[in-house]
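Enquirer: Can you read through this structure? Questions will come right after.
Read-outs throughout are calculated quantities, based only on the coordinates presented, and are distinct from any laboratory measurement. Everything numeric in this text was worked out from a predicted model, so none of it was measured. Note that we place each Cβ from the backbone using ideal geometry, even for glycine, and neighbour counts take in every protein chain shown.
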Amino acid sequence: MSVLKKMVGVVSLAFLTCLAAGGASWGADALKSVRDRGTLVVGFCAAYPPFESRNETTGEFEGFDVDLGRALAEKLGVKAEFRDTEWPGLIAGVNKGDFDVLLSCMSRSETREENVSMTDTYYRLSDVAVVRTGDERFKSVDDLRGKVVGVQMGSASEQIADKMEGLKEVRRFNYNPEAFLDLQNERIDALIVGYAYAVNQIRTTSGGFHVLGEVGEPSEIVMVLKKDSSSLTDALNAALKELRESGKYDEILKKWLVAE
């Protein structure tokens, strides 16, 4: 019996040692895992045009983050594979290993409290207040005082709204399209959202909305990875730098995020 106990103990110790070694090497060898697999698995929530959405005609993913993800993957010598996930599940998914990286217009402030790694900033996004075109109550963002303002839950816009003084109510929505629908139907007075998304909505609604002005400080948009994925984080930063220097980044930027 004592021999059996010793054997079980040795096996258990070896198993735990393997688990510990595997966990440590995962972070150190994240880049190797991507290259061995031949794909960079990118997680995002495809409900935020022009950063990421699904084309209603083709059914394909498209947007700034999609084109950038493909360009980054090419620099790493692999292909990009995109996985659409509900926004609240993105951080848990990357920590669980469902994705190699999150490329989903996620700000540094949104992930600061999470146990994750972040890349260099790849875009600076200003938040703006949006109102209905022709709503004469609004001349500037100061007129938001005493009004009901909508935001997407878990976003940098929500953080900005929560810090604003004098609002009657901050109404929270699962996704920005719901907030725009309530604004259109006069169930809220205004909403706070990223500038690029606001421009996209204005373009697709024939001018039914109007940007009132910027609110808060610009958000630093970053890629998010599992904690200690240093090799992959460094490689993505290097690839991003190369894309900026080659002009490819500006090409993608002008395609999706520059208003005509």
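Enquirer: Let me know the charge dipole size of segment 116-170 about its Cα centre in debye, to the nearest 20, where only the beta-carbon of Lys, Arg (+1) and Asp, Glu (-1) is charged.
Expert: 140 debye
Enquirer: Another question about this same structure. So, in Å, what gap is there between the alpha-carbon centers of segment 243-257 and segment 125-162?
Expert: 29 Å
Enquirer: In segment 26-108, if the dipole is taken from +1 on Lys/Arg beta carbons and -1 on Asp/Glu beta carbons about the Cα centre, which of F82, G59, S33 is farthest to the positive end?
Expert: S33
Enquirer: If you average 1/r over all unlike Cα pairs in the chain and invert the result, what Kirkwood radius do you get in angstrom?
Expert: With all distinct Cα pairs of the chain included, I get 20.1 Å.
Enquirer: Continuing with this model, one more query. Ranking request for peptides 54-67, 177-190, 37-50: highest mean number of other beta-carbon atoms within 10 Å first, then the rest in descending order.
Expert: For the peptides 54-67, 177-190, 37-50, the packing ranking is 37-50, 177-190, 54-67.
Enquirer: How far, in nm, would the chain grow between M153 and R112 when pulled straight, counting 0.36 nm per residue and subtracting the alpha carbon separation?
Expert: 13.1 nm
Enquirer: A further question on this structure: For every other residue with a beta carbon closer than 14 angstrom to the beta carbon of S230, add +1 if it is Lys or Arg and -1 if Asp or Glu, then tell me the sum.
Expert: -2
Enquirer: For a quick protection proxy, order the peptides 154-163, 202-211 by their average other-Cβ count within 10 Å, most packed first.
Expert: 154-163, 202-211
Enquirer: Expressed in nm to one decimal, what extension gain is obtained for the pair T58 and E220 from 0.36 nm per residue of sequence separation less their Cα-Cα distance?
Expert: 55.2 nm
Enquirer: How would you rank L240, L72, going from fewest to most other Cβ atoms within 10 Å of each one's own Cβ?
Expert: In increasing order of surrounding Cβ atoms, one gets L240, L72.
Enquirer: Also, quick follow-up: Express in whole angstrom the spacing between the alpha-carbon centres of segment 169-231 and segment 69-104.
Expert: 22 Å
Enquirer: Please give the residues of segment 101-120, grouped as numeric ranges, whose backbone N is less than 17 Å from a label point set 7 Å along the Cα-to-Cβ vector of E245.
Expert: Only 120 pass the distance filter.
Enquirer: What does a probe at M164 reach in segment 191-218, counting residues whose amide N is under 14 Å from the point 7 Å along Cα→Cβ?
Expert: Inside the label zone: 191-195, 210-217.
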